[in-house]
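K.L.:
Below are the structure tokens for one structure; questions will follow.
The values are calculated or read from the model by the stated rules, or taken from the named source; none is laboratory data. Since this is a predicted model, take the numbers as computed values, not measurements. For neighbour counting, all protein chains shown are included, and Cβ atoms are generated from backbone atoms with ideal geometry for every residue, glycine included. These accessible areas exclude ligands, DNA and RNA; they are computed on the full protein's heavy atoms, side chains included. Shrake-Rupley method; radii C 1.70, N 1.55, O 1.52, S 1.80 Å.
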There are 2 protein chains.
Amino acid sequence: MGSSNLNVSYSKLGQNLVPSAIASVMTIALENPNILSLAAGFTDSHSLPVLDVSDAVKSLSERPGSAEYLQYGTNQGRSALRSRVAGRLMTQDGISIDEEDRKRVFITNGSQQALFLATQVLCDTGDIVFVESPSYFVYLEMLKGEGVEARSLPTRGDGSIDLPALEKELVGIRNAGEIGRVKAVYLVSYFSNPTGESRSEEEKIELAGVLRRIGEPIAVIEDAAYRDLYFTHEHPARSIVSLNAFEGISCLYLTTLTKPFATGLKIGSGFCTDAKWLERILWLKGHHDFGSSNFTQAILEEVLSDDCFDNHLRIIRRIYQEKMNALHAALCDGGLTEVGWSWKEPSGGLYLWLKAPEGLDTRMGSEFWKACCQNGVLYVPGDLCYGGVEVFDNVRLSFGVLEQEKLKEAASRFTETAISFSRIKS
Amino acid sequence: MGSSNLNVSYSKLGQNLVPSAIASVMTIALENPNILSLAAGFTDSHSLPVLDVSDAVKSLSERPGSAEYLQYGTNQGRSALRSRVAGRLMTQDGISIDEEDRKRVFITNGSQQALFLATQVLCDTGDIVFVESPSYFVYLEMLKGEGVEARSLPTRGDGSIDLPALEKELVGIRNAGEIGRVKAVYLVSYFSNPTGESRSEEEKIELAGVLRRIGEPIAVIEDAAYRDLYFTHEHPARSIVSLNAFEGISCLYLTTLTKPFATGLKIGSGFCTDAKWLERILWLKGHHDFGSSNFTQAILEEVLSDDCFDNHLRIIRRIYQEKMNALHAALCDGGLTEVGWSWKEPSGGLYLWLKAPEGLDTRMGSEFWKACCQNGVLYVPGDLCYGGVEVFDNVRLSFGVLEQEKLKEAASRFTETAISFSRIKS
């Protein structure tokens, strides 16, 4: 079997693509079995719902009648599952749903696919999507691949969006005749990847106000992948699709059914308030795969039909809280704050977002990065999480996958490295 | 919850998209429960491997150690599954495999996703992909959405590709300075959708010769979705990735593990001989979903590890042969050939490809189409299967999903309609 000589020539998109930064981090982890990774956003392995899944499959297999769950499904996704998704969202937001709301839901291969579809039907090369500062780095990589500019939302010191500054910026873009390039605002608004922070309802309503006054067709995409992963209390803000302030603004709300259950099942969903946008998203999905796995959708339908899914959520919320506490305590005990590092304890999600001492370069390939690798611990360099601004002194640590003992060991390696750097500096 | 007023503005791709023709056919079927559909390419429902799947899940759930199959997998797909895919291909082609071959395999959400990824990294708006005449209509729709021209390969009366004519056409395109627009040749070369025909090895080798003489970077995509679905004998031609003639030409071979097993599991694969093209396909997949369902991949790995998958294949081959025979016989017995319709009996696949009497318009919305709908039978209009040429008098009938009795009833409705049209004409 031969290798290729006549290289093919790529599309603009094909030429634009670059490898994912996290892929190279994962390669380092694979090649060094002794390394502990605080980088990958994997979920807890020990609590994976082995019995829930096999019981659901058994129950499907024993159901009289046709084995339709093993047949092709529909492009938009299973109707009962879409109802469940709409129902859960409306329960969380405390509003009632009707048949129309169910039609707005579509099922995807993880919420990532929904994000891809929604973005590709909106954005051409040269368009602009506003993102939080910092934001979800896999989305930033996708935008880069598509040739779309990720522009950071103006942000206050406390992490809130500076909405008057955004309005000014949008007016400036309009005055420059470029407002047509601005296609969307993307928010990870519940226990964010990477910061663990959530947006308040007031902040969302103010954003809607800005967009309404600007009066241009700018969509809002709200990524709620971590909404179910609170530790003790739900974040009280309702979603953009339930707030009256967003009436007339095209909104897409994304969630995943499998990150808080079993990521291997890979089922996400979107809820789109703009029927025409949804239509095009679905036409593009028809080209992708004309429907996500009907089987894994049927399993989710099963586990959502009784308390199984919510019971599992209760278990893993406690686990992630304990893991966060373990990582947090180990970093503190090791003396990381004493050498100038700071962070907030999140109340949900899978990440600690660390601010390094002013000026410490934590980028991939930096001296600090190399020292951490050498010391057997990996992290996500914070600069990957910024669109259009250069911030080099943040670090994302994930407490999702490692067991508590390993989290402590990883924290100790990280802290040692940080302390040795503070000695070099001083 | 409100409807949207400020419409968003779409990308060029977003504007280009149109609904799938088959979606509207399926809507007709859903709205008319008495209608019998010979249109959808669904697979046999009664033989779906309910026990095989639940046994595989049980076996996974009882395996000691971590439940890694419920965790995120990798972007390229499970390593053991990729080995199985490479191994099966090499067994079919009668050649040996090595570690390098395994690296060329990637796993996708059905082979459709592989087709999408491969095409999107190659083609910009205005580019050209050569397709068979006729070809797989879902791919033609995808190309249309991407603004890519599907150009029909010159074809002889017997369905074979007129390769001297293709060479002449490519020389003409080159002389016109447009050869850079030609990105790929797409073949459905085993028991094709829609014709049921297969390409000979000689034909493939001649195609490679033409491409070699042209000497431009034109890729070849071979879609082998129906290769396993022969009735009694494998089609003897080796795949393009095993033929020495394709050395130096970038080749992608697509197959599905779930169309011949349980379509609800939605696992396809690609085998790409061009490492750089594969790399970009995977980078784009990273943006789509960073990996297909690890769980359904693990199930396929299980059923491929013993005789389970191949035993199932033996069962469904017989079923499809019987169904084809039933549909064929019912059409003949009803007198369809006597009123000027003709077709060949295929030796595999899921379709009969009918040629209507010269000049009979079978397009969607035609008088014949309306009469069939009214008479309670649906088909895929053949014109949807042509790129760049207008042929209105073919019909694709699927014998995959309906039971034999219903196939006979559908055939009788179709034949009655055809006979009534021949009376009108005469």
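K.L.:
How about region B:235-255: which of its residues are part of a loop (DSSP other than H, G, I, E, B), open to solvent by 20 Å² or more (accessible area, probe 1.4 Å) and in contact (Cβ under 8 Å) with a residue 12 or more places away in the chain?
P.N.:
If the condition is that a residue be part of a loop (DSSP other than H, G, I, E, B), open to solvent by 20 Å² or more (accessible area, probe 1.4 Å) and in contact (Cβ under 8 Å) with a residue 12 or more places away in the chain, then B:His235, B:Pro236, B:Arg238 are the ones that fit.
K.L.:
If only one of B:Gly286, B:Gly291 is more than 7 Å from chain A (Cβ to nearest Cβ) and under 24 Å from A:Gly268 (Cα atoms), which one is it? Quick ask: steps written out before the conclusion?
P.N.:
Values: B:Gly286 fails: more than 7 Å from chain A (Cβ to nearest Cβ).
After applying the criteria, what remains is B:Gly291.
K.L.:
Continuing with the same structure: Looking only at region B:120-154, which residues are within 11 Å of B:Arg181 (Cα to Cα) and either in a loop (DSSP other than H, G, I, E, B) or open to solvent by 10 Å² or more (accessible area, probe 1.4 Å) (or both)?
P.N.:
B:Cys123, B:Asp124, B:Thr125, B:Gly126, B:Asp127, B:Val148, B:Glu149
K.L.:
Suppose we filter A:Phe191, A:Phe290 for residues that are more than 16 Å from the chain's Cα centre (by Cα), aromatic (Phe, Trp, Tyr) and in a loop (DSSP other than H, G, I, E, B); which single one remains?
P.N.:
Result: A:Phe290 is the single residue among A:Phe191, A:Phe290 that is more than 16 Å from the chain's Cα centre (by Cα), aromatic (Phe, Trp, Tyr) and in a loop (DSSP other than H, G, I, E, B).
K.L.:
Also, I was wondering about something else. For region B:30-56, which positions are open to solvent by 30 Å² or more (accessible area, probe 1.4 Å) and either more than 18 Å from B:Leu313 (Cα to Cα) or not aromatic (Phe, Trp, Tyr) (or both)?
P.N.:
Residues of region B:30-56 that are open to solvent by 30 Å² or more (accessible area, probe 1.4 Å), as a first pass: B:30-34, B:42, B:45-46, B:50-52, B:55.
B:Leu30, B:Glu31, B:Asn32, B:Pro33, B:Asn34, B:Ser45, B:His46, B:Val50, B:Leu51, B:Asp52, B:Asp55, listed by residue number.
K.L.:
I've got another one for you. Scanning region A:342-367 for residues that are of a type in the set (Lys, Arg) and assigned to a loop (DSSP other than H, G, I, E, B), which turns out least open to solvent (accessible area, probe 1.4 Å)?
P.N.:
In the first step, residues of region A:342-367 are kept if they are of a type in the set (Lys, Arg); the result is A:344, A:355, A:363.
Next cut, assigned to a loop (DSSP other than H, G, I, E, B) only: A:344, A:363.
Working: A:Lys344: 123, A:Arg363: 81 Å².
Checking each candidate, the answer is A:Arg363.
K.L.:
May I pose another question? Does region B:26-44 include one or more residues that are facing chain A (nearest Cβ under 10 Å), assigned to a helix (DSSP H, G or I) and within 30 Å of B:Thr125 (Cα to Cα)? Give the steps one after another, and end with the answer.
P.N.:
Step one: of region B:26-44, the residues facing chain A (nearest Cβ under 10 Å) are B:26, B:30, B:40-44.
When the remaining residues are screened for being assigned to a helix (DSSP H, G or I), the result is B:26, B:30.
In the following step, the residues that additionally are within 30 Å of B:Thr125 (Cα to Cα) were identified as B:26.
Yes, region B:26-44 has at least one match.
K.L.:
On the basis of being among the hydrophobic types (A, V, I, L, M, F, W, C) and within 14 Å of chain B (Cβ to nearest Cβ), does A:Val171 make the cut?
P.N.:
no
K.L.:
Yes or no: region B:92-107 includes at least one residue that is facing another protein chain (nearest Cβ under 9 Å) and either under 19 Å from B:Ala225 (Cα atoms) or assigned to a strand (DSSP E or B) (or both).
P.N.:
yes
K.L.:
Take B:Lys370 and tell me if it is open to solvent by 10 Å² or more (accessible area, probe 1.4 Å), part of a helix (DSSP H, G or I) and in contact with a Leu (Cβ under 7 Å, 6 or more places away or on another chain).
P.N.:
Answer is no for this residue.
K.L.:
Turning to a different aspect of this structure: In the list B:Thr258, B:Thr232, which residue meets the criterion of being among the hydroxyl-bearing types (Ser, Thr, Tyr), within 20 Å of the chain's Cα centre (by Cα) and either closer than 20 Å to A:His287 by Cα or surrounded by fewer than 20 Cβ atoms within 10 Å (Cβ to Cβ) (or both)?
P.N.:
Sole residue among the options that is among the hydroxyl-bearing types (Ser, Thr, Tyr), within 20 Å of the chain's Cα centre (by Cα) and either closer than 20 Å to A:His287 by Cα or surrounded by fewer than 20 Cβ atoms within 10 Å (Cβ to Cβ) (or both): B:Thr258.
K.L.:
Working only within region B:269-283, note down all residues that are closer than 29 Å to A:Ala67 by Cα and either facing chain A (nearest Cβ under 9 Å) or β-branched (Val, Ile, Thr) (or both).
P.N.:
none
K.L.:
Residue under question is B:Leu402, and the condition is that it be assigned to a loop (DSSP other than H, G, I, E, B), out of contact with any Lys or Arg (no Cβ under 7 Å at 6 or more places or on another chain) and either open to solvent by less than 40 Å² (accessible area, probe 1.4 Å) or free of Cβ contacts under 8 Å to residues at least 40 places away in the same chain (or both); does it hold?
P.N.:
yes
K.L.:
Considering only region A:57-84, state which residues are surrounded by fewer than 22 Cβ atoms within 10 Å (Cβ to Cβ), under 31 Å from the mean Cα position of the chain (by Cα) and small (Gly, Ala, Ser).
P.N.:
Passing the criteria: A:Ser79, A:Ala80, A:Ser83.
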